[in-house]
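The values are calculated or read from the model by the stated rules, or taken from the named source; none is laboratory data. Small disclaimer: the values here were computed from a predicted structure and weren't measured. Neighbour counts run over all protein chains shown; Cβ positions are idealised from the backbone, glycine included.
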Amino acid sequence: MSALRLEPRALAAAADGYRPRLVRVLEMRPEIEARGASRPVTTLVLERGDLDYRPGQFLEASVFGAGEVPISISSPPGLADTLCLTVRAAGLVSSMLARTPAGGRVSVRGPLGNGFPLEEHEGRDVLFVAGGIGLAPLRGLLWEMLLRRERYGRIVLLHGARTPHDLLYGWQWAQWQDAGVELMLSVDAAGPDWLARAEPPRVIGFLTALFPRLDLDPGRTVAFLCGPPAMIHIACGDLVHARGLRPERILVTLERHMKCGVGKCGHCVVVDRYVCMDGPVFRYDELIAMNRIEPPW
Ligand SMILES: Cc1cc2nc3c(=O)[nH]c(=O)nc-3n(C[C@H](O)[C@H](O)[C@H](O)COP(=O)(O)OP(=O)(O)OC[C@H]3O[C@@H](n4cnc5c(N)ncnc54)[C@H](O)[C@@H]3O)c2cc1C
Ligand code: FES
């Protein structure tokens with residue numbers, strides 16, 4: 001009779017992915033207030049303990065009596081003994097999580113998923129394309145690159161949202177720009193006052209409207225994208241066909257509906273891949289080979 005054998009990645013997931021740990025909320029920082037159709041967003045600063053992770057990995061965070069949701073770690077692993085989750089109050093669990101006050105406790109499993117290949121792209125120019133809350137997983141990577149600034153060329157961040165009110169981490173933009181990040185903004189709708197401001201450069205329209213201003217060198221650029229499926233679809237197509245980037249130099253973090261986060265329940269499966277374990281970060285050429293980015297494409 002053959003003995004049960006677990007693959008190394010399954011063993012690794014078993015260590016932290018199956019066992020929830022209770023962590024204290026050190027700070028609850030409001031990022032976006034509820035206004036009109038805008039959902040509130042807060043950043044929870046959590047005690048980190050011995051939790052080690054890569055930018056782009058996520059945690060399954062649970063609220064007692066409500067449920068569990070996957071949330072990306074939005075802080076860089078190379079800094080501080082805390083970690084951050086930036087949570088948009090989308091439904092029941094995320095709304096309760098986003099309201100957890102300082103001193104409260106949440107339960108987390110993880111880190112889960114593959115994270116971004118940080119070292120592989122050293123020496124390159126870096127383009128971030130972040131739609132709405134999609135800036136949260138990219139923020140950890142951006143900060144990690146700023147901590148190793150000399151290892152990367154240009155760092156460009158394009159951030160878009162529905163309205164100026166929905167743009168994320170405004171309090172930190174100046175710090176990023178001082179560190180050499182070229183920041184540009186887009187919103188679907190805004191008043192003339194917003195558009196009249198010169199800094200950071202901005203447009204009213206789709207994020208890709210900023211692409212022609214970029215003057216990218218496609219041979220030395222890697223792009224990291226996170227946002228709504230429609231944005232990913234259009235932005236990836238534009239980067240390949242109009243800007244000349246190679247699909248394998250475009251990395252996308254997918255947000256699929258998930259339950260277990262450890263390859264057991266099948267909720268996140270796309271064709272033959274588990275987004276929770278094989279992703280959530282995929283190269284664009286992998287997504288093309290999987291024949292779809294997100295349903296219904
Ligand atoms: C790998 C990963 C990382 C994520 N990182 C973050 C993050 O850093 N910050 C953050 O605020 N959210 C993040 N999300 C999305 C977050 O998990 C969902 O908003 C949350 O699960 C909603 O659960 P709920 O019970 O609050 O709401 P529900 O009532 O379950 O859903 C509310 C609304 O959100 C939609 N929704 C539910 N799950 C998802 C999902 N996985 N992706 C997109 N839409 C969803 C539903 O269709 C519905 O419209 C991430 C999702 C994944 C898979
Ligand atoms: S979320 Fe259960 S298999 Fe991926």
Applying the selection to the stretch 260-297, what residues are modelled with pLDDT of 90 or more, among the hydrophobic types (A, V, I, L, M, F, W, C) and either in a loop (DSSP other than H, G, I, E, B) or near ligand 2 (Cβ under 6 Å from one of its atoms) (or both)?
-> C260, V262, C265, C268, V275, C276, M277
Filter result for the condition that a residue is over 24 Å from E122 (Cα atoms) and more than 19 Å from the chain's Cα centre (by Cα), over D166, D178, D193, D217 | D193
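Does V252 count as within 16 Å of ligand 2 (Cβ to nearest atom) and not acidic (D, E)? Steps first, please.
Numbers: within 16 Å of ligand 2 (Cβ to nearest atom): no; not acidic (D, E): yes.
Answer is no for this residue.
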Which fully enclosed strands (runs of 3 or more DSSP E) of the stretch 129-225 have 2 or more residues being more than 22 Å from T253 (Cβ to Cβ)?
-> 202-204
Return the pairs, sorted by first residue and then second, in which the second residue is surrounded by fewer than 16 Cβ atoms within 10 Å (Cβ to Cβ), the first residue lies in the stretch 81-107 and is basic (K, R), the beta carbons are less than 8 Å apart, and the residues are 6+ apart or on different chains.
-> R105/L22; R105/R24
Residue satisfying all of: in the stretch 87-115; among the hydrophobic types (A, V, I, L, M, F, W, C) and crowded, with 22+ Cβ neighbours inside 10 Å; farthest from ligand 2 (Cβ to nearest atom) among these = A98
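So, of the residues in the stretch 60-83 that are among the small types (G, A, S) and closer than 12 Å to L97 by Cα, which turns out to be nearest to ligand 1 (Cβ to nearest atom)?
The extreme case among them is G67.
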D193 under 29 Å from G78 (Cβ atoms), free of Cβ contacts under 8 Å to residues at least 40 places away in the same chain and either surrounded by fewer than 19 Cβ atoms within 10 Å (Cβ to Cβ) or touching a Lys or Arg at 6+ places or on another chain (Cβ under 6 Å) (or both) = no
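Mind checking whether some residue in the stretch 277-286 is of a type in the set (D, E), farther than 14 Å from V129 by Cα, surrounded by fewer than 16 Cβ atoms within 10 Å (Cβ to Cβ) and touching a helix residue (DSSP H, G or I) at 6+ places or on another chain (Cβ under 9 Å)?
First, pick out the residues of the stretch 277-286 that are of a type in the set (D, E): 278, 285-286.
Within this subset, residues satisfying the condition of being farther than 14 Å from V129 by Cα are 278, 285-286.
From the residues that got through so far, the ones that are surrounded by fewer than 16 Cβ atoms within 10 Å (Cβ to Cβ) too are 285.
Restricting the remaining residues to those that are touching a helix residue (DSSP H, G or I) at 6+ places or on another chain (Cβ under 9 Å) gives 285.
Checked the stretch 277-286: at least one residue is of a type in the set (D, E), farther than 14 Å from V129 by Cα, surrounded by fewer than 16 Cβ atoms within 10 Å (Cβ to Cβ) and touching a helix residue (DSSP H, G or I) at 6+ places or on another chain (Cβ under 9 Å).
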Residue in the stretch 221-271 that is surrounded by the most Cβ atoms within 10 Å (Cβ to Cβ), counting only those that are within 12 Å of ligand 1 (Cβ to nearest atom) and among the small types (G, A, S) | G261
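If you go through the stretch 231-259, how many residues are assigned to a helix (DSSP H, G or I) and not hydrophobic (A, V, I, L, M, F, W, C)? Working first, answer last.
Of all residues in the stretch 231-259, those assigned to a helix (DSSP H, G or I) come to 231-241, 247-249.
Still in the running and not hydrophobic (A, V, I, L, M, F, W, C): 233, 237-238, 241, 247-249.
Number of matching residues: 7.
Looking at the stretch 236-259, can you tell me whether even one residue there is over 30 Å from R154 (Cβ atoms) and at pLDDT 90 or above? Break it down into steps so the answer makes sense when it comes.
Applying the first criterion (over 30 Å from R154 (Cβ atoms)) to the stretch 236-259 yields 256-259.
Subsequent filtering for residues that are at pLDDT 90 or above retains 258-259.
Yes, the stretch 236-259 has at least one match.
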Has the stretch 67-77 got any residue that is of a type in the set (S, T, N, Q), in a loop (DSSP other than H, G, I, E, B), away from ligand 2 (no atom under 16 Å from the Cβ) and buried (at least 23 other Cβ atoms within 10 Å of the Cβ)?
-> yes
Would you point out the residue of the stretch 72-85, among those that are of a type in the set (S, T, N, Q) and more than 14 Å from S62 (Cα to Cα), that is farthest from the chain's Cα centre (by Cα)?
-> T82
